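Report on one structure; see the data block that follows.
The values are calculated or read from the model by the stated rules, or taken from the named source; none is laboratory data. The structure presented is a predicted model; accordingly, all values stated were derived computationally and were not measured. Here the Cβ positions follow ideal geometry from the backbone for every residue, glycine too, while neighbour counts run over all protein chains shown. What goes into the accessible areas is simple: the full protein's heavy atoms, side chains included, and nothing from ligands, DNA or RNA. Shrake-Rupley method; radii C 1.70, N 1.55, O 1.52, S 1.80 Å.
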Amino acid sequence: MPDVVDAHLHVWNPDAVHYPWMTPDVGPVAREFRLGDVTEELDAERVDKVVLVQSADNKADSELMLFQALCSPRVAGVVTWVPLLQPEDAAAQLDAWRREPVVGVGHRVHEEPDPDWLLRPAVDDGLALLAERHLTFDLTAHTPTLLAHVATLAERHPKLTFVVDHLGAPPLAALRAGERDGWTRWSAILGAVAQMPNVVAKLSGLATAAGPGWTSEHLQPAVDRALELFGPDRLMLGSDWPYALLSGDSYSQVWHGLRRTVDQLPERDRDLVLGGTANRVYRLPLDDL
């Protein structure tokens, strides 16, 4: 079986890095989390590699992740942050990290006050830089407006791979409550995004979206829709640990729940979602640990 990859995992330390989202309502996760805190569960779940993804739009967060990568061979790639609005500074930072396992760049666009931040001309220049460096662009398109912008950007930058984190935040909790309007809108926008061949998505953050008491059955509609639109060769599995702890779920609970949603797939398709797609998209090293 090919390597199993958790394509969306975080580490953070509020004593060393500023996280604007880390307010009192996220108290259970407002402390330091290192890769070592989840190593036993990664071992138990037979997860071979992880991709660390930025948790703040600042350099300090990226440096923290790169240090964790230095300490563990399980970290196969890091999605950092660079200042896309200042392409020259972004290029200089990427040059400084040229020997580091940087596989992509992310931006927490859902925290930007301007819903059209992604469409700024300066952002286009920054994205062109990423395409030149063969890096991905991960983005948290957590609103219908932001998700729709992904299709626009993907058309503008056909040589850049866009990674939609958390599947664009499907309204699973509302769907559980019988409210279908938001689901229908999300599904339609995701369909337009998936038509762009340079867009891939992560099956991550779904347990949080489904709300307390979720089961794999509550996640299945989003996974089925994603498989229908993207196919297994454009989907990756990610735990979103430790953010997932906010819903009271352990790493193993989330990973088991996600895996059950793809267990019914043919072996080749399942292997793609569990690691093959991540290896290809992020150009991860294929050597065994």
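Would a scan of segment 67-87 turn up a residue that is surrounded by fewer than 17 Cβ atoms within 10 Å (Cβ to Cβ), of a type in the set (Lys, Arg) and in contact (Cβ under 8 Å) with a residue 24 or more places away in the chain? No - not one qualifying residue is present in segment 67-87. Within segment 192-226, being of a type in the set (D, E, K, R) and over 16 Å from the mean Cα position of the chain (by Cα) holds for 217, 224, 225. Filtering segment 241-289 to residues that are open to solvent by 70 Å² or more (accessible area, probe 1.4 Å) and not acidic (Asp, Glu) leaves 243, 253, 256, 260, 264, 266, 268, 280, 283, 286, 289. Out of curiosity, is residue 233 open to solvent by 60 Å² or more (accessible area, probe 1.4 Å), more than 30 Å from residue 26 (Cα to Cα) and not β-branched (Val, Ile, Thr)? Here the answer is yes, as residue 233 does meet what is asked. One residue stands out among those in segment 36-66 that are closer than 18 Å to residue 133 by Cβ and not aliphatic (A, V, I, L, M): the one that is surrounded by the most Cβ atoms within 10 Å (Cβ to Cβ), which is 62.
Within segment 88-108, if we keep just the residues that are in a helix (DSSP H, G or I) and open to solvent by less than 40 Å² (accessible area, probe 1.4 Å), the residue that is nearest to residue 237 (Cα to Cα) turns out to be 94. When residue 209 is evaluated against the numbered criteria (1) without any contact (Cβ under 8 Å) to a residue 60 or more places away in the chain; (2) out of contact with any Ser or Thr (no Cβ under 8 Å at 6 or more places or on another chain); (3) surrounded by 15 or more Cβ atoms within 10 Å (Cβ to Cβ); (4) farther than 23 Å from residue 79 by Cβ, which criterion, by number, is the only one it fails? For residue 209, the exception is condition (4). Scanning segment 43-61 for residues being farther than 13 Å from residue 108 by Cα and under 17 Å from the mean Cα position of the chain (by Cα) gives a total of 5.
Within the option set 25, 6, being outside any loop (DSSP other than H, G, I, E, B) and either modelled with pLDDT under 95 or open to solvent by 70 Å² or more (accessible area, probe 1.4 Å) (or both) holds for one residue only, 25. Restricted to segment 117-127, and to residues there that are open to solvent by less than 70 Å² (accessible area, probe 1.4 Å) and in contact (Cβ under 8 Å) with a residue 24 or more places away in the chain, the residue that is farthest from residue 163 (Cα to Cα) is 122.
Surrounded by fewer than 16 Cβ atoms within 10 Å (Cβ to Cβ), out of contact with any Phe, Trp or Tyr (no Cβ under 7 Å at 6 or more places or on another chain) and modelled with pLDDT of 95 or more: is that true of residue 134 in this structure? Judged against the criteria, residue 134 is a match.
The single residue among 158, 197, 170 that is open to solvent by less than 20 Å² (accessible area, probe 1.4 Å) and either of a type in the set (Phe, Trp, Tyr) or at pLDDT 95 or above (or both) turns out to be 170.
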